[in-house]
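Notes follow once the structure below has been shown.
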Amino acid sequence: MEPEKRDVRDTETGHKPVDGIDVAHNETLVSDAKHAAVAEQQMTLLKAIKLYPKAISWSVLLSSTLIMEGYDLALLGSLYASPVFNKKFGVYDAKKNKWAVSAAWQSGLSNGARAGEILGLIFAGLASDRYGYKVTTIASLVLMIMFVFVLFFAPNIQVLVVGEVLCGIPWGAFQSVTPAYASEVAPMVLRPYLTTFINMCWVIGQFFAAAVNKGSVGRSDDWAYKIPFGVQWVWPVPILAGLIFAPESPWWHVRHGNREAAKASLLRLTSRNDPSFNADETIAMIEHTNDLEKRMKDGLTYRDCFRGVDLRRTEIVMGIWLVQTLCGQNLMGYFAYFLTQAGMDASRSFSLSMAQYALGMAGTAGSWFLMSRVGRRTIHFGGICCQLLILVIVGSLSFSNSNGAVWAIGAMLIVFTFVYDFTVGPVTYSLISELSSTRLKAKTIVLARAGYNASNIFVNVMTNYQLSSTAWNWGAKTAYFWAGSCLLSAIWVFFRLPEPKGRTYAELDLLFEHQVSARKFAETKIDPFSHHLGDEPKRTSEQVLQKDEV
């Protein structure tokens, strides 16, 4: 095994093979990689579940860290409908004869979390490359446990903002690590399910936020908001206890030149009961993809995300996440507040919020069946078009002040949540994991999610001023504004978003290298082992090696 390990190190440092032994090793590597790629593309969902049950469990456990982020971000929007929270942290509005947190401080709370998440993303991008996904997540969970104390004991709104910034740091790390890990520990057929489960975790967190708020909104003491904050200690401890035993991604080990550790990790992710599975061939496929990407680019820095073929990949991944913020999804987080502003009492609005998020969970589960039959691009574009129509309807209902119109707005926002969590929400995590290169995946996701959080700062400021009774007080007419940005998002998706369904990472690498149009990704034939694309003449592996040497 020693010569094989030496070859991996040489490849990783950029040294070119110069003797016949290395050429023979390259031929064996390509042959094994091709066999594993064919086996993975032909693998059924049932076989993948039987072969990778441990990978599914570890990915689900790590993804559950995002329940905390979904919980808190929905919690803030819901707490603005809590009378006790408003009296503790808000100001008295003489015109409305009630207490309310000003739009400026609402923006400070929401944007404080986003600013912290950007810091956490930068930390995770550096730490996950150096120390791995597992260690980065464990460190973030420890920080999470510490920072919740700031939220729980905050004496005023200024300290509450500091708490949101601090809690945003581990949340940002979770945002980066979870999709990268989910996309690397399982075969192609399982990737869309494991990556979209991240959206399910978000919705679960939002559902719990509505449920906890409904249970505590009737209290007249400080526990009306302390209980919702304190619930955030429930998640980190059991997740931390499990992650201590989790295996690292095999891809991470290969990128660090440790083939033996990669194989050991892969064996911990798979079942030992399938005699047809060949771990060495799967590791060869990972090595081949890693070598292929290194021949296209040399660096692993943030700057390399904006060079050559990766510039387009970074633009697409960032655009996919920006579309999430610009298609009106922020209104879902302000659901209870939105309805109370429209005239509904707080308890009833929380009940509707629970129904909204329960339907969102059903939508995410439904998206798993949809993605097995329909391409990611089709789902994403169709979802945005449906959201555009719903936003126009909500805006139109705002011209009526009747009780029926208020309920109709609530019903349409519930439908909006279902459509979002059936299409755009979950498929986004599948797309960003598949369309970024494996060697720059962590850093590409960091940049894209940082862009997402930065855009959310703008979106949160706009939404708070649009809905707040102390500012513009647009009410449901806010939906018209987001309908316009949703239309622009739909145009971008149509022209720029490619279809990765059914493609291995090596195939996607070559499609981007050959600058295939986004609308032709699905129909273009590609052979990553001969570099054959469309009608181009096929080349032998010796010719490929000779060209790469030049």
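A few comments on the model shown:
- A Cβ distance below 6 Å, combined with a sequence gap of six or more or placement on separate chains, defines the contacts here; from segment 136-163, residues that are more than 13 Å from residue 239 (Cβ to Cβ) reach residues that are surrounded by fewer than 20 Cβ atoms within 10 Å (Cβ to Cβ) and of a type in the set (Gly, Ala, Ser) in the pairs 152/230.
- All conditions but one from (1) at pLDDT below 90; (2) more than 16 Å from residue 500 (Cα to Cα) apply to residue 373; the one that does not is (2).
- Filter pass, residue 71 being crowded, with 22+ Cβ neighbours inside 10 Å, in contact (Cβ under 8 Å) with a residue 24 or more places away in the chain, closer than 21 Å to residue 141 by Cβ and among the aromatic types (Phe, Trp, Tyr): yes
- Qualifying positions in segment 287-311 - under 20 Å from residue 250 (Cα atoms), in a helix (DSSP H, G or I) and either of a type outside the set (Ser, Thr, Tyr) or at pLDDT below 85 (or both): 287, 288, 290, 291, 292, 293, 294
- Count of segment 113-146 residues, restricted to those that are surrounded by fewer than 22 Cβ atoms within 10 Å (Cβ to Cβ) and touching a Cys at 6+ places or on another chain (Cβ under 9 Å), is 1.
- Among the criteria (1) surrounded by fewer than 16 Cβ atoms within 10 Å (Cβ to Cβ); (2) in contact (Cβ under 8 Å) with a residue 40 or more places away in the chain, the one residue 311 does not fulfil is (2).
- In segment 74-95, the qualifying residues are those that are assigned to a helix (DSSP H, G or I) and either hydrophobic (A, V, I, L, M, F, W, C) or in contact with a Cys (Cβ under 6 Å, 6 or more places away or on another chain) (or both), and the one that is nearest to residue 331 (Cα to Cα) is 74.
- Filter pass, residue 470 being under 22 Å from the mean Cα position of the chain (by Cα), crowded, with 16+ Cβ neighbours inside 10 Å and farther than 24 Å from residue 419 by Cα: no
- Unique match (being at pLDDT below 75, hydrophobic (A, V, I, L, M, F, W, C) and either buried (at least 16 other Cβ atoms within 10 Å of the Cβ) or in a helix (DSSP H, G or I) (or both)) among 545, 511: 545
- Of the residues making up segment 474-510, those that are in contact (Cβ under 8 Å) with a residue 40 or more places away in the chain and either at positive phi or of a type in the set (Gly, Ala, Ser) (or both) are 475, 476, 479, 483, 485, 489, 490, 502, 506.
- Condition met for residue 217 (at pLDDT below 90, buried (at least 22 other Cβ atoms within 10 Å of the Cβ) and of a type outside the set (Gly, Ala, Ser)): yes
- First in segment 402-418 and farther than 13 Å from residue 328 by Cα, second anywhere and not in a helix (DSSP H, G or I), Cβ under 7 Å, 6 or more apart: 406/342; 406/343; 406/344; 409/342
- Looking only at segment 91-107, residues that are small (Gly, Ala, Ser) and closer than 26 Å to residue 207 by Cβ come to 2 in all.
- Residue, nearest to the chain's Cα centre (by Cα), within segment 227-275, restricted to residues that are of a type in the set (Gly, Ala, Ser) and part of a helix (DSSP H, G or I): 242
- Test: residue in segment 45-61 that is of a type outside the set (Val, Ile, Thr) and at pLDDT below 80: no
- When 176, 220 are checked against the criterion of being in contact with a helix residue (DSSP H, G or I) (Cβ under 7 Å, 6 or more places away or on another chain) and outside any helix (DSSP H, G or I), 220 stands alone in meeting it.
- Restricting segment 63-80 to residues that are touching a Pro at 6+ places or on another chain (Cβ under 9 Å) and of a type in the set (A, V, I, L, M), the residue that is modelled with the highest pLDDT: 68
The values are calculated or read from the model by the stated rules, or taken from the named source; none is laboratory data. Note that the coordinates shown come from a computational prediction; the quantities given were computed from them, not determined experimentally. A quick note on method: Cβ atoms are made from the backbone with ideal geometry, for glycine too, and the neighbour counts reach across all protein chains shown.
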